[in-house]
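Student: Provided herewith is a single structure, encoded as structure tokens, for subsequent inquiry.
The values are calculated or read from the model by the stated rules, or taken from the named source; none is laboratory data. Owing to the predicted nature of the structure, the values given are computational and were not obtained by experimental measurement. Methodologically, a virtual Cβ is constructed for each residue, glycine included, from the backbone with ideal geometry; neighbour enumeration extends over all protein chains shown. These area figures cover heavy atoms from the full protein model, side chains too; ligands, DNA and RNA do not enter into them. Shrake-Rupley method; radii C 1.70, N 1.55, O 1.52, S 1.80 Å.
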Amino acid sequence: VLASFRGTVQNGLPLEIGDTVQILEKCEGKLCFSYCHIKEAMTKVQFETVVPKEDTVITEMTSTLRDWGTMWKQLYVKNEGDLFHRLWHVMNEILDLRRQVLLGHLTHDRMKDVKQHITARLDWGNEQLCLDLVPRKDFSMVDPDDISVTELYRLMEHRHRKKETPVPASTHHLFVHMKSLMSSNLGEELEVFFFIYDSRENRPLSERFFVKLNKNGVPKSPEKTERQCTLFVDLGSGDLRKDVYIVVHIIRIGRMGAGEKKNTCSVQYRRPYGCAVVSIADLLTADSKDDHLLKVYACNTESDWNQIHENIIKKVNSRYNLSGSNTGLAVALQLLHGDIEQLRREYMAIFTRGVSITRKLGFSDVIMPGEMRNDLYITLEKGEFDKGGKTVARNVEITVYTLDMDGQILRGHVTAGSGEPGADEYHSFVLYHNNSPRWAEQIKLPIPVDMFRGSHVRFEFRHCSTKDKGEKKLFGFSFVPLMQEDGRTLPDGTHELIVHKCEENASLQDCARYLKLPFSKANLPGNNQAVKATKESFWITSFLCSTKLTQNGDMLDLLKWRAHPERISDSLSKLKEIDGSEIVKFLQDTLDTLFGILDESAQRHGLKVFDCLVHIINLLQDSKFQHFKPVMDTYIESHFAGALSYRDLIKVMKWYVDRIIEAEHQEHIQQVLKATEYIFKYIVQSRRLFALATGNQNEEEFRCCMHELFMSIRFFLSRKSQGTSPVTHTQAVFLRTFPAVYGELLKLFTVREVATFVRETLGSLPATTQADCPLEAVKLQCIAKTVESQLYTNPESRCILLPVVLRLLQSHMQEQKDLVMCGRILTSMLSLIRREDTEAAVSEEVDLIVDSLLGVLLRTILEISNRPQSTGSAMRMQFQDVTGEFVACLLALLKQMKDKHYQQLLQSFTSKDELRDFLLQLFTVFRILIRPEMFPKDWTVMRLVTNNVIITTVLYLSDALRKNFLNDKFDCKHISVCRLCSSGYLQINKISENVLILDTRGVTISIFSIFYQRSRSLRYANGAAHCSRRRVHCDC
């Protein structure tokens, strides 16, 4: 309704703005449809509820804003100014978001973010106004009649828990914005380098961020924000420590001495200026919006420049001082949390205006597949040079070039740090009169993979004169090749390079002349002692971060196995010693190699290939490499070509399983069983390829091999061990991985065949073990994964698996063990019983569950409800979770029971005393369920569902109560039923009118209708119910 209509005409219908009208028929008359905006709608059959066909989030926003509008005015009347203004801002924000959703111009990802933001605001407002919690699934409200009670409870509990405990981020990033350097004695251009430094291990954690400042101390390119802003990415939670620092080195560009006259020398040099440090831990508590003014310190002795940051951190005051009383570095520092894609959405302004990315040295804590890096980091450490016939020490400057195999300089492949584009060369800073300079300058060489072979780095050493001409005279050079002849790259670590004498630049033009010379003192032959004895040396530290190149010779030997077949056995043995990051770099090539060897020489190397495959599979279980599992999955589906491999894999797998009982050491066998999921993936894919190529030949042979393998598995699982024996641990390892195999088996076998495999395997487990045996908990975990698997969702397989699941579940619940896991399993089981399943299948499942678990479920609820609650908050929360989950399971089971099930249940009692005991148990539980503290105060939907189930159950049992107990002498124990029926919590007039939001916003109208109808039929309340569009008003 767009405008109010008083309805004063004959048969007029008074309407207010926002009311919903269902037009059943259009007749001749004076009703003006301009009062209404026509919407498409649908009618729910059960209670003839009219629901718009628009997005449910829009519907909820519309009705919620209408409800809040009334309450918002009341806040003003009550003089609650703070909440009044906050709610007003949130309502305007929701209106703006609603407008965006209605326009329909948002992308899918943006629409998801907007809806998430909307629901967060709606929940905040409902909480502030003391309204009930709205259960949602994928941002939309759910109807309790359309889902099971257990699923409803999970949604409510998830939203309640999410509101209380936010999940901390595991990935962090540091945003740095260089503002200016404030000093009274500038006048020269400056270079500022930021990097993250670990003082515990005395090493940098990141590459450098490089900013150029003009003579006024501000960035030279203020319009290019990416040259003054950076994001240090992929910091782990372990990097946010007090001993991790942001270090800033400042280099001035000018004369050799800061106080020299301008006409002394026209050549400019890079000279040390100052250093600043700040702990990353300080940013966790500081206001991230404030700029930071960092104090700048200078060295007392220039030769200590390479460790000035260490001295500042350790507060060795004798080695540094303030560079000036008015000198300070103005920067903005902010820690951001979450993955990089999340930051792009939440901090769009940062990425829109431009920001450079500064990486960690090496790979992040989690290596992502598809990540492409080929960065060689070289640190100019130190040098030892002679005077060269001079009376004073030299002023040494290093010039770094990268050259290809033809001796041509690689343009733009030398970078001092992120923030500035790459250059053709790099010049180190100069230390005045120092023949043993310590630079510790890091540069990055982002050389393409295809240009690595044959390339080398050349370091030219020049003496910088301070005379009038300011000449830079070449006196020597060093070089280092980037790749060895066998394909290995320059190994990581420190290298002592030979300083070759050189006086003319022309002699370096032909690089073929000097590349034949030795480059490192470590690689000199024994007869070249003269060069080893020379005093002059130059040290560098190299570190390669590459997703394509390797420094490992054993990996190269394995990948080139066809060239040296005699080394295959040795290469396979060494694979386990290779670093995991090297293996995942060449994951597909390594797997191709293993299966190539298996196809050609299975008899000789089959066992070692299998062990290597197990090692790689288990490597991907590591949190650092777990994101490579999809890479292996893609390899199996798209690149794996071992059509004959399944025979050898089954054979070796069975060989290991058959030796479990007699084996003295179980560790290696347990590693094999941990890899069961992917071993079966390879077996299944290999068999599918073979069947596709041969027209499904040898099908019977394959099935026979699989049955024999499962017979061996069942035999070792049936072994009953005493205490915590190694075999028991091996059984537990297999049970943890077994449910992951179901989906693979379904690709080759029917649902009933796979369900039979699983039933027989789980049924072979020992019936009882010691109470402290770890196998008991693992059994339940296996059952839980089974119930949540794709196999169990199929009704055809569910009827096969249900008996063995119920048997294990019943035994644990009877002994009151692992109740948290029992509740999880039972919740999953009952959530799968859907209305769309056939009536016969549902009836059979409910029969089995009622026969096995109804009695023990009632006893469990009574038992855990009567236990004294622990004083600890964590234990108390766990207690509430277990109680609520079992209550939801009981309600879901009772809701699924029909008259047939109740009749069978009542007939199962052989005497009136048994029936009486059962009814007393049931009604005692019901009295517990209607306690106010059973659910949080804003869970009104859950309370109404509970009341509905209780009343419906009493209706079904009323005949049994009347026939068996009404005519006999009244038993005082039956007072429980009377107390339940007269309980105020079951009476409709006890429901607070300011709690429920119905119709378009609420989800309880259909439940309320059932509740009201049941209440009238049982005469529990003699009131009348009037349901307005927005509230329920109930007056007796």
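Student: Let me know the charge dipole size of region 36-118 about its Cα centre in debye, to the nearest 20, where only the beta-carbon of Lys, Arg (+1) and Asp, Glu (-1) is charged.
Tutor: The calculated dipole for region 36-118 is roughly 100 debye.
Student: Let me cross-check Met141: its accessible surface, 1.4 Å probe, with only protein heavy atoms counted, in Å² to the nearest 10?
Tutor: Spelled out: Met141, probe radius 1.4 Å, area about 40 Å².
Student: If you put +1 on each Lys and Arg Cβ and -1 on each Asp and Glu Cβ, how big is the dipole of region 87-154 around its Cα centre, in Debye rounded to 20? Can you show the working numbers first?
Tutor: Working: 9 positive and 12 negative charges, 60 e Å.
Taking the Cα centre of region 87-154 as origin, the dipole is about 280 debye.
Student: How far apart, in nm, are two points set 7 Å out from the Cα along the Cα-to-Cβ line at Gln10 and at Ser140?
Tutor: Taking the simple label geometry, Gln10 and Ser140 are separated by 4.5 nm.
Student: Given R₀ = 51 Å, what would the calculated FRET efficiency be for Ala641 paired with Asp109, taking r from the Cβ atoms and rounding to 0.05?
Tutor: Values: r = 37 Å, r/R0 = 0.72.
E between Ala641 and Asp109, to the nearest 0.05, is 0.90.
Student: Counting only protein heavy atoms and using a 1.4 Å probe, what share of the accessible area of region 221-260 belongs to carbon plus sulfur, as a whole percent?
Tutor: Values: 700 of 1420 Å².
Accessible surface attributable to carbon and sulfur in region 221-260 totals 50 percent.
Student: To the nearest 20 debye, what is the magnitude of the charge dipole of region 684-840 about its Cα centre, counting +1 on the Cβ of each Lys and Arg and -1 on the Cβ of each Asp and Glu? Don't skip to the end; give the middle numbers.
Tutor: Values: 18 positive and 16 negative charges, 44 e Å.
The calculated dipole for region 684-840 is roughly 220 debye.
Student: Moving on to the next point. Peptides 669-677, 914-922: what's the order by average Cβ count within 10 Å, highest mean first?
Tutor: Values: 669-677: 20.0, 914-922: 17.0.
Listed from highest to lowest mean packing, they are 669-677, 914-922.
Student: Right, here's the next one. Quick one: which residues, 5+ away or cross-chain, put their amide H under 5 Å from the amide H of Glu189? H built at 1.01 Å from N.
Tutor: Ile253
Student: Taking H placed 1.01 Å from N in the peptide plane, check which residues at least 5 places from Phe139 or on another chain put their amide H under 5 Å from its amide H.
Tutor: Sorted by chain and number, the residues that satisfy this come to none at all.
Student: Mind giving me the FRET efficiency for Lys224 and Lys315? R0 is 30 Å, r the Cβ-Cβ distance, nearest 0.05 is fine.
Tutor: On the way: r = 37 Å, r/R0 = 1.24.
Calculated transfer efficiency: 0.20.
Student: Within region 587-605, whose backbone N sits under 16 Å from a point 7 Å along Cα→Cβ of Thr694?
Tutor: Only 599-600 fall inside the zone, counting backbone N under 16 Å.
Student: If you plug each phi of region 233-242 into the Karplus form 6.51 cos²θ - 1.76 cosθ + 1.60 with θ = phi - 60°, what whole-Hz ³J(HN,Hα) values come out, in order, with x for Gly and Pro?
Tutor: Using θ = phi - 60°, the values come out as 9, 6, 7, x, 4, x, 7, 8, 10, 5 Hz.
Student: I've got another one for you. Per 0.36 nm of contour for each residue apart, how much would the distance between Ala512 and Arg453 grow if the chain were fully extended, relative to their Cα-Cα spacing? Each step should come with its number before you reach the end.
Tutor: Values: separation 59, 0.36 × 59 = 21.24 nm, distance 1.49 nm.
Full-extension gain reported as 19.8 nm.
Student: Along region 112-118, what does the Karplus equation 6.51 cos²θ - 1.76 cosθ + 1.60 (θ = phi - 60°) give for ³J(HN,Hα), rounded to whole Hz, x for Gly and Pro?
Tutor: Residue by residue, region 112-118 yields 5, 5, 5, 5, 4, 5, 4 Hz.
Student: Here's something else I'd like to know. Let me make sure I get this right: for region 665-815, a, b and c are the square roots of the gyration tensor eigenvalues over alpha carbons, sorted descending. Under 1.5 in a/c it's rounded, otherwise prolate if a/b > b/c, else oblate. Which is it? Working shown, then result.
Tutor: On the way: a/c = 2.32, a/b = 1.47, b/c = 1.57.
It is oblate, given that a/c is not under 1.5 and a/b is not larger than b/c.
Student: Give the residue from Ile147, Leu131, Ser170 lying farthest towards the positive end of the charge dipole for region 77-222; charges sit on Cβ (+1 for Lys and Arg, -1 for Asp and Glu) and the dipole is referred to the Cα centre.
Tutor: Ser170
Student: Here's a follow-up. Using 27 Å as the Cα-Cα cut-off, could you pick out the over-long pairs in Lys115/Lys629; Lys220/Lys295; Lys674/Lys785?
Tutor: Details: Lys115/Lys629 31 Å; Lys220/Lys295 22 Å; Lys674/Lys785 16 Å.
Going by Cα-Cα distance, Lys115/Lys629 fall outside the 27 Å limit.
Student: Please enumerate, by chain and number, the aspartates and glutamates with C-alpha under 19 Å from the C-alpha of Lys501, excluding those fewer than 8 residues away in the same chain.
Tutor: Glu384, Asp386, Glu397, Glu460, Glu471, Asp510, Glu536
Student: In region 566-593, whose amide N lies under 17 Å from the spot 7 Å out along Cα-to-Cβ of Glu600? List them in ranges.
Tutor: 566-573, 589-593
Student: According to the square roots a ≥ b ≥ c of the eigenvalues of the Cα gyration tensor, what is the shape class of region 554-675, taking rounded for a/c under 1.5, prolate for a/b larger than b/c otherwise, and oblate for the remainder?
Tutor: On the way: a/c = 1.38, a/b = 1.15, b/c = 1.21.
Rounded, since a/c falls under 1.5.
Student: What's the carbon and sulfur percent of region 78-204's accessible surface, probe 1.4 angstrom, rounded to a whole number?
Tutor: Values: 3340 of 6610 Å².
Carbon with sulfur: 50 percent of the solvent-accessible area.
Student: Hey, if you put +1 on the Cβ of every Lys and Arg and -1 on every Asp and Glu Cβ in region 651-732, which of Cys704, Ala663, Ala675 ends up farthest toward the positive end of that dipole?
Tutor: Ala675
Student: Which of rounded, prolate, oblate describes region 741-846, given a ≥ b ≥ c as roots of the alpha-carbon gyration tensor eigenvalues and a/c under 1.5 marking rounded, otherwise prolate only if a/b is larger than b/c?
Tutor: Working: a/c = 2.10, a/b = 1.37, b/c = 1.53.
Since a/c reaches 1.5 but b/c is at least a/b, the shape of region 741-846 is classed as oblate.
Student: Please list 3J(HN,Hα) in residue order for region 199-215, calculated via the Karplus relation 6.51 cos²θ - 1.76 cosθ + 1.60 where θ = phi - 60°; whole Hz, with x for glycine and proline.
Tutor: Using θ = phi - 60°, the values come out as 6, 5, 9, 6, 8, x, 9, 9, 6, 9, 9, 10, 10, 9, 10, 7, 5 Hz.
Student: State the extension gain, in nm to one decimal, for the chain segment bounded by Glu760 and Ser908, taking 0.36 nm per residue of separation less the distance between their alpha-carbons.
Tutor: Residue separation times 0.36 nm, minus the Cα-Cα distance, leaves 50.3 nm.
Student: List the aspartates and glutamates whose Cα sits under 13 Å from the Cα of Lys137, skipping any in the same chain fewer than 8 residues away.
Tutor: Within reach: Asp146, Glu151, Glu157.
Student: May I pose another question? Report the FRET efficiency, 1/(1 + (r/R0)^6), for Gln484 and Arg562, where r is their Cβ-Cβ distance and R0 is 22 Å, rounded to 0.05.
Tutor: Numbers: r = 21 Å, r/R0 = 0.94.
So, using R0 = 22 Å, E works out to roughly 0.60.
Student: Using the charge dipole of region 769-815 (Lys, Arg: +1 at Cβ; Asp, Glu: -1 at Cβ; taken about the Cα centre), state which of Pro774, Thr793, Leu809 has its Cα farthest towards the positive end.
Tutor: Thr793
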